[in-house]
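Below is one structure, written out as structure tokens; comments come after it.
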Amino acid sequence: MSIVNWSLLYVFVIGGNCQNPFLDPIKDALFLHNFVPTNNTIQDCVFRPANQKDMCPDPDVRYVLYSNGQKQVYDYKQSDWLRQSIWDSSKEDMLLVHGYAGGDDTLPINVLRDAYIRNGSYNTWILDWGALGEAPCYRAAVNNLRAVAKCTGDFLTSLRTAGLPTDRLTCVGHSLGSHICGLISKYVLFRMHRIVALDPARPMITNQIKLNPGDAAAVHVLHTNAGHYGEGGKGGHVDFCINGGRIQPYCENGDIDAQLCSHIWAICYMAESLVPHMQKKAEPCSRRCPSGPRPGNRVGIPVMMGQTTPLSAMGSYCVHDKEPPYCPTSSQDIGDVRCCLKPPDISPQKTRRWF
């Protein structure tokens, strides 16, 4: 598939903002059914050189913090910003990085953002680089990954100097955001605690920018569309192959792009893993994804997939799940209707929107 077609497909998903996901879940499910128009052309694409001196801070790269029910945008000009901010030193820090055509308050990353915020146990940071990865500029977005990672490395170094413990920092990236998480390691002098890669992007990704296990003390990868929009094969210390890793069964209804649906639903699997009773147990399986389970008896100990995956875990694991993750089916369910491919038969006013 050409890069132009890839870009047009992707813009169906994450070029918009969902103010009220209860209006029509079947239409608004992560904007999978909606074409979000853009006035941009290829001539509007922005390319940042990764080796340019004095490139950081970049006005098109923002850092947004959510903690204790508040929101705050990082101010480069304010001295001792961290100490005076809403940051809570008692909480674990999660840095969420969106993919192509995304942003702080765009789908699908805001589903995961909201899940962390509602959980209340985290300082939730959003790396918003949307201005450097707008549709239809996928080629520019890939080019800009290094520049975004360089500025984010400088940002994290300054936070570490101010007192943020990087040994408790996890970077969660979706699609191109997964590779940004990995590239950050090239621009810092410390070792990142953990990276969780949600179906890391495949098109146009070279070995020089590709996420690899050496980028953090622990690298965990969730594969939902391996070999198409997502990277195939082994990418981390732990690789989760979900429903074979290529096409998710609930995406095969003939009305949507099954490849794209599978790629973005990695977000909902990660959001679901924040709820203890909804976490999915993964069984040891073959070493490549897309793949199936090992024939015969499985060897090894199962692990939980997502937020609570043990840092000591190694190898490949398989998960089998026929229903959309994190989709509430009753008024008592925890979840997010934006993770539903069919409108749940529940009253919007009664839904427990724990996200």
field: Portion, in percent, of the accessible area of segment 147-300 that falls on carbon or sulfur, probe 1.4 Å
entry: 49
message: For segment 227-275, what does the accessible surface come to per residue with a 1.4 Å probe? Please give it in Å².
response: 23
- prompt: With charges set only on the Cβ (+1 for Lys and Arg, -1 for Asp and Glu), what does the dipole of segment 26-147 come to about its Cα centre, in debye to the nearest 20?
  reply: 140
statement: Ordering 94-101, 238-245, 141-148, 82-89 by per-residue average of other C-beta atoms within 10 angstrom, highest first, gives 94-101, 238-245, 141-148, 82-89
Inter-label distance for Gln332 and Ser286, nm, one decimal - labels placed 7 Å from Cα along Cα-to-Cβ: 4.1
- prompt: Given a 1.4 Å probe, how much area per residue of segment 62-193 is accessible, in Å²?
  reply: 34
Label-to-label distance, nm, for residues given as Asn40 and Met314 (7 Å Cα→Cβ offset): 4.1
- line: The distance between the Cα centres of segment 56-79 and segment 203-261, in whole Å, is 30
- request: Figure the gain on full extension for Lys53 and Glu323 (residue separation times 0.36 nm, minus the Cα-Cα span) and round it to one decimal in nm.
  value: 92.3 nm
task: For an R0 of 51 angstrom, estimate the FRET efficiency from the Cβ-Cβ distance between Thr166 and Asn253 and round to the nearest 0.05.
output: 0.75
- request: Show which lysines lie in cross-link reach of Lys71 when reach means a straight Cα distance below 16 angstrom and same-chain residues fewer than eight apart are skipped.
  value: Lys91
- request: Would you mind checking Lys234/Lys281; Lys234/Lys280; Lys150/Lys281; Lys234/Lys342 for any pair whose Cα atoms are more than 30 angstrom apart?
  value: Lys150/Lys281; Lys234/Lys342
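The values are calculated or read from the model by the stated rules, or taken from the named source; none is laboratory data. The shown structure was predicted, so the numbers you read here are calculated from the model rather than taken from an experiment. Counting neighbours? That spans all protein chains shown, and the Cβs are built from the backbone with ideal geometry, glycine included. Areas reflect the complete protein model, heavy atoms only, side chains present, ligands, DNA and RNA absent. Shrake-Rupley method; radii C 1.70, N 1.55, O 1.52, S 1.80 Å.
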